[in-house]
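Working notes for the structure below.
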Amino acid sequence: MEKLSNPKKTIEVIQKYKFDFQKKFGQNFLIDEHVLDKIILAAGITKEDFVLEIGPGIGTLTQYLAEAARQVTAVEIDRNLIPILQETLAGYPNVSVLNQDILKTDIEALAAQYNQGRPMKVVANLPYYITTPILMGLLEGRAPISSITVMVQKEVAVRMQAGPGTKDYGALSLAVQYYARPRLAASVPPNCFLPRPAVGSAVIHLELYPEPPVRVKDEKLMFALIRASFNQRRKTLVNSLNNAQNLAFDKEEISRALGDLGLSEKIRGEALTLEEFAALSEALGKIREERSR
Ligand code: SAM
């Protein structure tokens, strides 16, 4: 079958099935073969790999993945796409399609079923309305995943790889960088999709760490500190952490912890590295322990 990356073929399939694009599912299908090649290259797919694709749409990227990988499972929420996928992927016996919500998918079970429990590669042109929940679910879920290569909104890609002191640096940057090393692989303009999205897009490759680059006793506390710091990013860290209802540290305790780390009590959260947030959470964790003795 002629590849769907040819826009004429995509339009033919959509017309044949009278497919209605669903905005609520973030449906923007890829119609540019160069972008598809770049995604496969960035993901580093080989014939050894088991790949999980999120949201195959009509199967455009899936066809490329099936040719490059050993085995592909594609999880699609929209049941109207299932009969289309049956036709467009008929020539690829190494693909299985699941009609379900990725947020409810047991990824560990897929690794066990298709990859002897070993780490898989995740590849997707993500539905933008749930980019963050999908990515954080994959990262925090600790399922066997070695890398994630995804199309996201350009500004989200920039935020994921931003460092301290920049305007794009925030809770998402730190959450992603705790689990993975991000690399921007390509910028993709709206005319590479059908229909065209209102925003620019980018492919980002996340190489997951076997172990996080910093060690903390209480991950929950560290992420609560990060969220509180960026909720009020124009305030000093002492004030924004003191204002956070769920943290219950007073100003003196926060200043003391900052002093122990050699940081100024005037510092803002946006200036702290991941290592410094980790050290701060260790220091505040200790203060909390001492207080409860
Ligand atoms: N991979 C196709 C491509 O590149 O042409 C389609 C990408 S489109 C941006 C996103 C796809 O994700 C759509 O097919 C949409 O129906 C699907 N989707 C949206 N929400 C989903 C969810 N919660 N679980 C699984 N698939 C979802």
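A few notes on this one:
- Some residue of the stretch 180-191 being hydroxyl-bearing (Ser, Thr, Tyr) and touching a residue at least 40 places away in the same chain (Cβ under 8 Å): no
- Selected residue (only one of Val97, Val156, Val150, Val123 is within 15 Å of the ligand (Cβ to nearest atom), in the same structural domain as Ile204 (by TED's automatic domain parsing), aliphatic (A, V, I, L, M) and over 20 Å from Ser201 (Cβ atoms)): Val97
- Candidate set from the stretch 49-66 (those that are within 12 Å of the ligand (Cβ to nearest atom) and in a helix (DSSP H, G or I)); member that is surrounded by the most Cβ atoms within 10 Å (Cβ to Cβ): Leu65
- Filter pass, Thr46 being farther than 28 Å from Arg196 by Cα and within 9 Å of the ligand (Cβ to nearest atom): no
- Residue list for the stretch 145-165, filter: modelled with pLDDT of 95 or more and open to solvent by 30 Å² or more (accessible area, probe 1.4 Å): Ser146, Gln153, Lys154, Glu155, Val158, Arg159, Gln161, Pro164
Matching residues to (1) touching a His at 6+ places or on another chain (Cβ under 9 Å); (2) in contact (Cβ under 8 Å) with a residue 40 or more places away in the chain; (3) open to solvent by less than 50 Å² (accessible area, probe 1.4 Å):
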| residue | (1), (2), (3) |
| --- | --- |
| Gln71 | no, yes, yes |
| Val75 | no, no, yes |
| Leu81 | no, yes, yes |
| Leu85 | no, no, yes |
| Tyr92 | no, no, yes |
| Lys104 | no, no, no |
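- Single unsatisfied condition, Lys23 versus (1) open to solvent by less than 20 Å² (accessible area, probe 1.4 Å); (2) under 18 Å from Ser201 (Cβ atoms): (1)
- Top-ranked residue in the stretch 105-163 [being in a helix (DSSP H, G or I) and among the β-branched types (Val, Ile, Thr); ranked as farthest from Thr273 (Cα to Cα)]: Ile107
- Yes/no for Glu140 being at pLDDT below 95 and away from the ligand (no atom under 16 Å from the Cβ): yes
- Restricting the first member to the stretch 212-237 and to residues that are assigned by TED's automatic domain parsing to the domain that holds Glu275, and the second to residues that are surrounded by fewer than 15 Cβ atoms within 10 Å (Cβ to Cβ), the beta-carbon pairs closer than 7 Å and six or more apart or on different chains are Ala224/Asn246; Gln232/Asn243; Thr236/Lys266.
- Helices (runs of 4 or more DSSP H) wholly inside the stretch 209-289 containing at least 1 residues that are under 28 Å from the mean Cα position of the chain (by Cα): 219-231, 237-243
- Meets criteria (within 20 Å of Pro127 (Cα to Cα) and away from the ligand (no atom under 12 Å from the Cβ)) for Lys38: yes
- Considering residues of the stretch 5-20 that are outside any helix (DSSP H, G or I), modelled with pLDDT of 95 or more and closer than 15 Å to Gly59 by Cα only, the residue least open to solvent (accessible area, probe 1.4 Å): Phe19
The values are calculated or read from the model by the stated rules, or taken from the named source; none is laboratory data. No experiment lies behind these values; they were computed from the predicted model shown. Don't worry about glycine lacking a Cβ; one is built from the backbone with ideal geometry, like all the others, and counts go over all protein chains shown. The area values use the complete protein model at the heavy-atom level, side chains included, leaving out ligands, DNA and RNA. Shrake-Rupley method; radii C 1.70, N 1.55, O 1.52, S 1.80 Å.
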